[in-house]
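The structure under discussion appears below in the form of structure tokens.
The values are calculated or read from the model by the stated rules, or taken from the named source; none is laboratory data. Bear in mind the structure is a predicted one, so any value in this text is a computation, not a measurement. Using ideal geometry, Cβ is built from the backbone for each residue, glycine included, and neighbour counts are taken over all protein chains shown. We work out accessible area using only protein heavy atoms, side chains counted, and drop any ligands, DNA or RNA first. Shrake-Rupley method; radii C 1.70, N 1.55, O 1.52, S 1.80 Å.
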Amino acid sequence: MLAGRDIISVFDFTRADLERLFSKAERLRPVLAGETLDLLRGKVLATLFFEPSTRTRVSFQIAMMRLGGQLVDLAGPEASSIAKGESLADTVKMFDGYGVDAIVIRHPMEGASRLAAKIARAPVINGGDGTREHPTQALLDVYTLWRTFGKVDGLTVGIMGDLRYGRTPPSLAYALSMFDDVTIYFIAPSLLQVRDEVLARIEGRVHYHLVERLEEVLRELDALYVTRVQKERFPDPAEYEKAKRLYRVTAASLKEAKPTLAVLHPLPRVGELAYDVDSTPHAKYFEQAANGVVVRAALLAEIMGVEVP
Ligand code: NCD
């Protein structure tokens, strides 16, 4: 059980934790149809987002509301004292002093959530830190695979796109490495290929290969995880302009895929995944986004020490 624990990296979970959270998420699915439970009554979650977010912030908030809890939200760096130059450490210390039951933090700086966890007494959940990790995104990504295929063991997954600056690809790869006999194809032009530090952490735990083009491996894939080019992390705008034209998945480009291929995407998409994929049976990304509510609800309940019936 994860009561009182910080979640900074996917490696803060074990496989048993993931599987237990998935089955709790399954039991919480009625909240997606509007049901509200009373599990977290009297508990308060703080969401501190120092970088843009739609899904992560909103799905944590909906999860908390559907479980009967309450929220305080830092109203965006521009509208809060961050704009006056208040430090991250002071902001976290203060929210912690207000007695919140957990803090979700997103920050452009690598290591920001670990720093917050050192300062706060309340459990801290990393909602994305720089290029490093996004553990709750991996939770919903792997939950979506688990629901779609009934298992994760033995799957062949293509992780495609900006593997150099994206933080969801490392977290997904780490989570997949906890299962047995998984094969990962890292699919990216060399400019955007996966970082060595990520490979070092999965070495010996999965079969993996680096490839440049989707066509090389498409027929083998059970799932294809597409990601956008991370514009905001490119030091050079000219390099971004070059990178964003390097890959694009369309319905036509999936013609040779297994009929059961599941296409996932953490969203937002900005051109790398064509809208015509939405009407193919492969499209799972909106379902995947909705799954974010129930896995995050399961995680919040567990971190706050509340059993899910
Ligand atoms: C991702 C992120 O913030 O890293 N978004 C999300 O949480 N779904 C992916 C992205 O921004 O590309």
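Key figures for this structure:
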{"read-out": "Among the candidates Arg219, Arg205, residue that is closer than 23 Å to Pro135 by Cα and among the charged types (D, E, K, R)", "value": "Arg205"}
{"read-out": "Which numbered condition Ser171 fails, given (1) touching a Ser or Thr at 6+ places or on another chain (Cβ under 9 Å); (2) of a type outside the set (Lys, Arg); (3) part of a loop (DSSP other than H, G, I, E, B)", "value": "(3)"}
{"read-out": "Extreme residue, most open to solvent (accessible area, probe 1.4 Å), among residues of the stretch 287-309 that are within 12 Å of the ligand (Cβ to nearest atom) and closer than 30 Å to Leu254 by Cα", "value": "Ala289"}
{"read-out": "Residue in the stretch 143-161 that is more than 25 Å from Lys24 (Cα to Cα), touching a residue at least 40 places away in the same chain (Cβ under 8 Å) and outside any strand (DSSP E or B) present", "value": "yes"}
{"read-out": "Test: Arg269 is more than 16 Å from the ligand (Cβ to nearest atom) and either basic (Lys, Arg) or in a loop (DSSP other than H, G, I, E, B) (or both)", "value": "no"}
{"read-out": "Any hit, the stretch 229-241, residues being in a helix (DSSP H, G or I) and surrounded by 19 or more Cβ atoms within 10 Å (Cβ to Cβ)", "value": "no"}
{"read-out": "Residues of the stretch 19-75 that turn out to be open to solvent by 50 Å² or more (accessible area, probe 1.4 Å) and assigned to a helix (DSSP H, G or I), as a count", "value": "14"}
{"read-out": "Residue match in the stretch 240-249 (condition: in contact with a strand residue (DSSP E or B) (Cβ under 8 Å, 6 or more places away or on another chain), over 22 Å from Arg147 (Cβ atoms) and more than 15 Å from the ligand (Cβ to nearest atom))", "value": "yes"}
